[in-house]
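Trainee: I am attaching a structure below and will ask some questions about it afterwards.
Where a number appears in this text, it was derived from the coordinates with a stated rule and is not lab data. From a predicted model like this one, the values you see are computed outputs, not experimental measurements. Cβ atoms come from the backbone with ideal geometry, glycine included; neighbour counts cover every protein chain shown.
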There are 2 protein chains.
Amino acid sequence: MSISVRDRVREMKLISPVAAGAGEKVRNEALRLAAEALKKHRPEIFEANREDLERARESGISPAVMKRLRFNEHKLTDCLAGIESLIALENPTGRVTLHRQLDEGLILKRVTVPIGVIGIIFEARPDALVQISCLCIKSGNCAVLKGGRETASTNRVLFDLIAAAAVQAGLPANCLMQVSAHSEIDELLECDDCVDLLIPRGSNAFVRYIMDHTKIPVMGHSDGVCHTYVDRAADFDQAISILIDAKTQYTAACNATETLLVHREIAGAFLPEAAKALARAGVKLRGTEEAARILAKAAPALPDAAQTGKEKVRAQDKSPAARILPEDIMGEGDFSAEYLDLVLSVKLVDSVEEAAAHINRFGSHHTDCIVTQDDEAADRFLTLVDSAGVYRNCSTRFADGFRYGFGAEVGISTGKLHARGPVGLDGLVTYKYLLEGSGQIVGDYAAGRRQFHFQEL
Amino acid sequence: MSISVRDRVREMKLISPVAAGAGEKVRNEALRLAAEALKKHRPEIFEANREDLERARESGISPAVMKRLRFNEHKLTDCLAGIESLIALENPTGRVTLHRQLDEGLILKRVTVPIGVIGIIFEARPDALVQISCLCIKSGNCAVLKGGRETASTNRVLFDLIAAAAVQAGLPANCLMQVSAHSEIDELLECDDCVDLLIPRGSNAFVRYIMDHTKIPVMGHSDGVCHTYVDRAADFDQAISILIDAKTQYTAACNATETLLVHREIAGAFLPEAAKALARAGVKLRGTEEAARILAKAAPALPDAAQTGKEKVRAQDKSPAARILPEDIMGEGDFSAEYLDLVLSVKLVDSVEEAAAHINRFGSHHTDCIVTQDDEAADRFLTLVDSAGVYRNCSTRFADGFRYGFGAEVGISTGKLHARGPVGLDGLVTYKYLLEGSGQIVGDYAAGRRQFHFQEL
């Protein structure tokens with residue numbers, strides 16, 4: 001590999017308009033051929049994956065991570081189903097979103113087009129490579145792909161099959177490219193004149209690193225500090241059910257709730273009940289001194305010397321207590337913690353306004369929920385909370401492209417520009433203005449010899 | 001002014017959701033009151049402007065620039081008309097762009113909302129301050145404004161009147177803020193955790209500096225290297241008329257054509273004719289050796305010693321020659337020149353594809369035009385050219401929010417994300433997803449106890 005990443009990306013940039021110009025038929029054919037090739041060459045894919053797993057085992061990778069690295073018949077079936085549904089999705093490009101006559105014979109159209117060259121850096125999961133490259137093919141984009149090194153062998157085989165299918169269908173050679181060395185990421189970050197968009201996936205620290213080290217626009221999110229606010233007009237059972245789901249259904253997800261805010265008026269009644277349910281679900285509580293006091297009053301801590309048998313058993317089975325321990329008292333500045341674990345921050349507030357202000361200040365503008373039966377309170381919350389997703393009476397875990405009905409998800413954006421929240425194929429397109437005239441010049445309009453007659457078509 | 005820009009912007013960030021929540025009525029009322037105040041306090045405004053003009057005159061500013069600094073009855077009338085039409089424009093926020101039932105009682109809406117805090121750095125033109133602050137009020141955004149120092153006194157009066165009107169109408173105090181020292185720009189550029197979007201206007205070098213020195217997303221453009229490509233199937237008269245308008249109607253504009261590309265097959269016939277018309281319009285030509293040869297053949301240069309009387313007259317009146325002088329021969333690398341003057345680069349190409357490749361490589365992805373009667377060639381050009389505006393048979397000078405019928409223009413973006421091309425009020429909003437449920441949890445869907453039933457509402 002003697003050609004630098006920069007030179008390869010520059011070449012990709014030059015051919016990207018050709019790739020963008022390939023029609024829907026060519027792109028869907030590329031996807032069909034890719035599915036066919038994956039099916040046909042499964043033995044090579046599985047063999048390469050065995051090599052990756054072998055290396056991973058030797059380096060002592062945990063069984064949980066090993067599961068993500070594995071690419072077997074089951075994962076292949078999922079991938080093929082994903083490609084099928086992608087083929088069935090509406091073409092995201094070529095949509096006319098504005099069609100206006102400016103004057104007789106002067107017609108303006110705004111049409112969706114591929115963004116161009118997209119760099120995607122993703123976690124070590126072979127199915128992610130298939131999903132991402134197919135999303136780029138479907139949307140007419142060229143893509144630079146960098147997957148996790150733990151699945152390098154599998155990635156190589158998968159990539160070669162998909163890239164060959166793209167070319168066979170009629171897309172330009174080099175419309176997909178894979179970089180594999182970690183050092184090549186830094187090279188890629190320098191290519192701000194050739195790469196139109198970067199989508200990093202992975203740990204917070206990694207995404208933050210990418211955002212801090214490139215001038216290329218970055219789409220995605222680093223933190224996911226989501227809140228559930230239980231209003232004074234909440235239905236307690238509903239609130240507890242939502243809270244348990246939002247915290248525990250999948251703790252490692254960015255849309256899991258990390259902080260519980262409770263209206264002060266109902267805290268005495270609600271908190272102890274919620275704490276018991278959370279403790280049963282294995283959730284450890286942290287929080288303000290005030291929250292700790294309320295819980296301590298409801299379930300007083302016994303002096304160590306006088307622990308009952310029951311308390312001893314609980315200490316043994318390590319299930320969390322339905323209260324906040326002294327070492328878990330939080331200060332004001334601690335509330336931007338993202339646990340991604342069975343831990344929850346708790347704080348009381350006096351109003352919807354205070355809840356919203358806390359969320360805007362300490363949250364990550366991802367997804368936040370109010371539980372309330374009060375329409376007026378809900379409206380104020382939905383207005384005041386400055387997040388990609390603002391929910392009422394349902395779990396923050398719904399923040400997801402599939403659950404929103406987008407069919408395919410590129411990622412979730414906490415930025416406010418271009419795409420916000422779960423991003424589907426729409427996030428991979430931009431638009432251009434096409435203006436067709438018959439010799440019109442601006443001088444005529446400036447001099448008043450002609451006038452604009454705007455008319456939607 | 002002892003409070004730092006950072007502290008003031010942080011406070012603005014915290015109140016921005018409140019400003020965003022103010023309804024259309026409050027915002028339009030703020031605009032109405034602002035117009036009233038400007039009308040009522042015209043003597044103070046004009047007096048402040050006289051101070052600015054006095055200072056400018058003393059520092060020897062050119063009459064052309066002086067004209068831009070002036071704020072008189074005529075400019076005020078224009079400003080008031082602008083505010084009137086802004087009030088009449090549809091509210092850009094609160095529009096529901098997706099309304100979907102995910103399952104019974106679980107309703108997803110995507111609603112447009114203000115971006116939040118926008119920093120705008122603009123040229124020394126008092127009317128720009130009025131226009132920009134009013135656009136931000138109309139779109140529900142908070143704004144940090146930095147105008148050119150040459151109009152500091154006028155800006156101060158205008159700003160105070162508009163900010164007071166906003167508060168009087170019910171918008172939060174501090175929803176508008178003005179910074180005036182140049183050093184405060186650098187402070188502002190550091191506020192990437194509080195400012196959601198920066199819009200710099202002004203010289204290329206200035207915009208480039210902003211883009212290179214902040215992590216805040218920047219909307220705008222530095223260069224405007226626009227092309228007019230005359231295809232082999234062009235109508236010559238139409239091509240020349242378009243070319244003259246695109247080059248000369250307003251040379252300082254970013255959408256003025258800087259490069260003429262001509263299909264090689266027609267160059268011998270077209271170029272000399274075009275060159276004559278361009279010379280008459282005062283345009284000096286630069287270009288490739290090949291273009292120079294064609295023009296020299298059509299109007300041979302006479303040896304210096306044997307200049308005719310006519311040639312002498314031409315040299316005297318300094319109108320450009322209809323040919324390319326030896327010192328104006330261009331090399332490959334020279335074609336990204338932006339003249340903003342009566343100068344035009346000329347190059348021949350073999351095809352639409354070569355024209356598009358040249359434009360994508362040397363252009364600034366702003367606005368580019370093909371002149372042709374050939375529908376198929378036009379289609380290929382519109383597809384292959386990767387610019388915000390791609391035109392057929394009309395002047396590149398049409399790239400403008402007012403001419404597109406947007407009513408008001410924030411600027412023109414050559415970036416591909418968020419907003420591209422001329423940006424109206426739509427460019428000042430983003431969206432959020434609102435999800436209203438009745439206790440739904442993700443666990444039920446994950447376990448198959450409930451299914452999504454996507455249905456557009």
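Trainee: Assuming a ≥ b ≥ c are the square roots of the Cα gyration tensor eigenvalues, decide whether region A:106-244 counts as rounded (a/c under 1.5), prolate (otherwise, with a/b larger than b/c) or oblate.
Mentor: Because a/c hits 1.5 or more and a/b exceeds b/c, region A:106-244 counts as prolate.
Trainee: Label point 7 Å out from B:Arg50 along Cα-to-Cβ: which residues of region B:150-187 have amide N under 14 Å?
Mentor: B:154
Trainee: Give the nm distances, rounded to one decimal, from B:Asp192 to the matching residue in every other copy, measuring between label points 7 Å along Cα toward the beta carbon; shortest first.
Mentor: The projected label point of B:Asp192 is separated from its counterparts by 0.9 nm.
Trainee: Could you state the orientation-averaged shadow area of the convex hull built on the Cα atoms of region B:354-419, in nm² to one decimal?
Mentor: If I average the Cα hull's projected area over directions, I get 4.9 nm².
Trainee: While we're here: Just the number, please: percent antiparallel of the DSSP beta bridges in chain B, rounded to the nearest 5.
Mentor: So the antiparallel bridges in chain B amount to around 35 percent.
Trainee: Once you treat every alpha carbon in region B:92-146 as an equal point and sum by Debye, what is log10 I(q)/I(0) at q = 0.15, 0.19, 0.21, 0.31 Å⁻¹?
Mentor: Here log10 of I(q) over I(0) equals -0.55, -0.70, -0.77, -1.14.
Trainee: Oh, and also: Past 20 Å, Cα to Cα: identify those pairs from B:Lys67/B:Lys247; A:Lys276/A:Lys297; A:Lys276/A:Lys347; B:Lys25/B:Lys109; A:Lys25/A:Lys146; A:Lys247/A:Lys276, in the order given.
Mentor: Listed pairs above 20 Å: B:Lys67/B:Lys247; B:Lys25/B:Lys109; A:Lys25/A:Lys146.
Trainee: Taking only Cα atoms of region A:35-146, what ratio of Rg to Rh do you get with Rh as the Kirkwood inverse-distance radius?
Mentor: 1.18
Trainee: Here's a follow-up. Taking the alpha carbon gyration tensor of chain A, what are the square roots of 5 times its eigenvalues, largest first, to the nearest whole Å?
Mentor: Whole-Å semi-axes of the equivalent ellipsoid: 46, 32, 18.
Trainee: Which value, in Å³ per residue, describes the convex hull spanned by the Cα atoms of region A:312-382?
Mentor: Given the Cα convex hull of region A:312-382, per-residue volume reads 133 Å³.
Trainee: Pull up the DSSP beta bridges for the protein assembly as shown and report the antiparallel fraction as a percent, rounded to 5.
Mentor: 30 percent
Trainee: Still on this structure, please answer the following. Just to confirm the numbers: B:Arg42, label point 7 angstrom along the Cα-Cβ line, distances to the other copies in nm, shortest first?
Mentor: 8.1
Trainee: Set the Förster distance to 30 Å, then compute FRET efficiency between B:His74 and B:Phe206 from the Cβ-Cβ distance, nearest 0.05.
Mentor: E between B:His74 and B:Phe206, to the nearest 0.05, is 0.60.
Trainee: To check my understanding: the extent here is largest minus smallest coordinate of the Cα atoms along each principal axis. What are those three numbers for the protein assembly as shown, in Å, largest first?
Mentor: For the protein assembly as shown, the Cα spread along each principal axis is 118, 78, 45 Å.
Trainee: So, one more: Give me the percent of DSSP beta bridges within region A:1-157 that run antiparallel, rounded to the nearest 5.
Mentor: Given both bridge residues lie in region A:1-157, the antiparallel proportion sits at roughly 55 percent.
Trainee: Quick check on region B:311-457: take the gyration tensor over C-alpha atoms, sort the square-rooted eigenvalues as a ≥ b ≥ c, and tell me if it's rounded (a/c under 1.5), prolate or oblate.
Mentor: The shape class here is prolate.
Trainee: Could you identify the residue of A sitting closest to the A-B rotation axis by Cβ and state that distance rounded to whole angstrom?
Mentor: Nearest Cβ to the rotation axis, residue and whole-Å distance: A:His418, 2.
Trainee: Counting Lys and Arg as +1 and Asp and Glu as -1, what is the net charge of the other residues whose Cβ lies under 11 Å from the Cβ of A:Phe454?
Mentor: Taking every other residue near A:Phe454 into account, the sum is 0.
Trainee: With θ set to phi - 60° and the Karplus curve 6.51 cos²θ - 1.76 cosθ + 1.60, what are the ³J(HN,Hα) couplings of region B:26-43 in order, to the nearest whole Hz, using x for Gly and Pro?
Mentor: After applying 6.51 cos²θ - 1.76 cosθ + 1.60, I find 4, 5, 5, 5, 4, 5, 4, 5, 5, 4, 4, 5, 4, 5, 5, 9, 3, x Hz.
Trainee: Nm distances between the label at B:Ser62 and the same-position labels in the remaining copies, 7 Å along Cα→Cβ, shortest first?
Mentor: 6.6
Trainee: What's the center-to-center distance, using Cα atoms, between region A:32-91 and region B:144-178 in Å?
Mentor: About 58 Å separates the Cα centre of region A:32-91 from the one of region B:144-178.
Trainee: How large is the convex hull of the Cα atoms of region B:41-82 per residue, expressed in Å³ as a whole number?
Mentor: That works out to 58 Å³ per residue.
Trainee: Moving to a separate point now. Measure nothing but the geometry: give the 0 to 90° angle between the long axis through the Cα atoms of A:126-138 and the longest principal axis through the Cα atoms of chain A, rounded to 10°.
Mentor: Taking Cα atoms only, the helix is inclined about 40 degrees.
Trainee: Considering the Cα positions of region B:251-299, please state its Rg to one decimal place and its Dmax as a whole number of Å.
Mentor: For region B:251-299, the Cα-based Rg and Dmax read 11.4, 33 Å.
Trainee: Compute the distance from the alpha-carbon center of region B:218-234 to that of region A:422-450, in whole Å.
Mentor: If you average the Cα positions of each part, the centres end up 13 Å apart.
Trainee: Just flag the trypsin sites (Lys or Arg not before Pro) in region B:161-230 sitting in loop per DSSP whose Cβ has no more than 16 other Cβ atoms within 10 Å.
Mentor: Listed in order of number, the matching sites are B:Lys215.
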